[in-house]
Amino acid sequence: MLLKRLANDNKPELKLNSLQKKMITQVSSKLDENVYKYEDVECPVCDKKNKECIGQKDRYGFSYITKICNECGLIYTDPRMNQSSYNEFYNTEYRKLYNAKKTATNDFFYSQRRKGERIYKYLNENNLIKNKSSLILEIGCGAGGILDFFKEKGHKVKGTDLGQEYITYGVKEHGLDLEIGFLSDIKLEEKPDIIIYSHVIEHILDLNSELQMIKKSITKDTIVYIEVPGIKEIHKNYQSNILKYFQNAHTYHFTLETLTNVFSKNGFELICGNQFVQSTFKLTNGTASIKNDYEDVKAYIVRTEKRRLLYPFTVIGLKKYANLFVLKALDVSKLRPFARKIKTWLTKNKQH
Ligand SMILES: [Zn+2]
């Protein structure tokens, strides 16, 4: 095992609230009772089976074995829960575990809208929004906040997700055109101009089937926008702690290179991308070329793990803690006791 710290001891890495702890107990019992079942996995890019183990647990303390393919550098979870288990997990425990809230909320919706703004900006800056009223399709849209931003900009929007409660919220509270299901369940009168998968591809079990399905659902001009948490930016987005990054819902863990390999294999070419990862692809007639990112990914993981404890003293770490300190200092709830004291004092003086 590459990272000894990730030995399976069932201890969570995150601070959890009572709802999250309840969900962990619920998922663990379903795994113990074989309600949720595991399946073995091979690299979806390479035919060869050379792989190395990275760790054995995730941030919630679930048993979660991650491996890196020696042939292409793709990291994946093996074994993982099968599709029917994940379907139930997404509809019952996932959002409560991940968002630490019982139901879809305005906060969640507006955080999605901010993501929508970021995606819009990225596409616009790269000249990929050709038509202001084009059709945007989002797979795994949650409550539909991303689509709501595009709708406000004049686009036609359509979304799909597996979480019933979030879909209902988006339809009822924000009048969005959303439905339950996968890409294969959606019936569209026209093909989308842009198709968005924001933090979704890393949850999909059969990547090659999904990409073949995308191929059937788009035209040669369709832009496929893919956003995933990039494993080469753990030092920026996860406090240099890979254990905060690993979560049981993620089945693949990408770099821009390993993500591009999966798309190349399925007949797409990269238009633009970064290690965040924000990326766009389109169909191509060219042949696939697979870049082996194994040495680079492995070196990054080992280096980041070594530097983990130094994170608070790095420029990124200092900036993050400085921001948190300022936000805490500006926390209005801290000012409430003073406001109450002033109000009481004013009331008393008025009576005199
Ligand atoms: Zn591979």
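The values are calculated or read from the model by the stated rules, or taken from the named source; none is laboratory data. Treat the numbers as computed from the prediction; the structure is a model and nothing was measured. Positions of Cβ are generated from backbone atoms using ideal geometry, with glycine treated the same way; all protein chains shown enter the neighbour counts. Surface accessibility is based on the protein's heavy atoms, side chains included, excluding ligands, DNA and RNA. Shrake-Rupley method; radii C 1.70, N 1.55, O 1.52, S 1.80 Å.
Residues considered: LYS48, LYS11. Of these, the only one that is open to solvent by 60 Å² or more (accessible area, probe 1.4 Å), within 16 Å of the ligand (Cβ to nearest atom) and part of a loop (DSSP other than H, G, I, E, B) is LYS48. Please find, within region 53-83, the residue that is farthest from the ligand (Cβ to nearest atom) out of those that are part of a strand (DSSP E or B) and basic (Lys, Arg). This residue is LYS57.
Just checking, does region 98-115 include any residue being within 16 Å of the ligand (Cβ to nearest atom), outside any loop (DSSP other than H, G, I, E, B), open to solvent by 10 Å² or more (accessible area, probe 1.4 Å) and at pLDDT 95 or above? No: zero hits. Pairs meeting the criteria (first residue in region 173-192 and closer than 15 Å to HIS155 by Cβ, second residue in a helix (DSSP H, G or I) and acidic (Asp, Glu), beta carbons under 7 Å, at least 6 apart or on different chains) are HIS174/ASP148; LEU176/ASP148.
Condition test on THR304, is it open to solvent by less than 60 Å² (accessible area, probe 1.4 Å) and within 30 Å of GLU117 (Cα to Cα)?
no
Of the residues screened, ASN82 is one that is touching an Asp or Glu at 6+ places or on another chain (Cβ under 9 Å), in contact (Cβ under 8 Å) with a residue 40 or more places away in the chain, more than 23 Å from LEU256 (Cα to Cα) and surrounded by fewer than 21 Cβ atoms within 10 Å (Cβ to Cβ).
Results for (1) within 17 Å of the chain's Cα centre (by Cα); (2) basic (Lys, Arg), shown as yes or no for each residue.
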position	(1), (2)
LYS156	no, yes
ILE167	no, no
ILE180	no, no
GLU190	no, no
MET213	no, no
VAL224	yes, no
GLU227	yes, no
ILE234	yes, no
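Determine whether SER264 is buried (at least 16 other Cβ atoms within 10 Å of the Cβ), closer than 25 Å to LYS51 by Cβ and in contact with a Ser or Thr (Cβ under 7 Å, 6 or more places away or on another chain). So SER264 fits the description; yes. Looking across region 123-160, just one residue is in contact with a Leu (Cβ under 8 Å, 6 or more places away or on another chain) and more than 19 Å from GLU179 (Cβ to Cβ), and that is ILE129.
Look at (1) farther than 22 Å from GLY55 by Cα; (2) at pLDDT 75 or above and you find that ARG340 fails only one, number (2).
The set of residues from region 14-45 being free of Cβ contacts under 8 Å to residues at least 60 places away in the same chain, in a loop (DSSP other than H, G, I, E, B) and either buried (at least 17 other Cβ atoms within 10 Å of the Cβ) or more than 16 Å from the ligand (Cβ to nearest atom) (or both) comprises LYS15, GLU33, ASN34, VAL35, TYR36, LYS37, CYS43.
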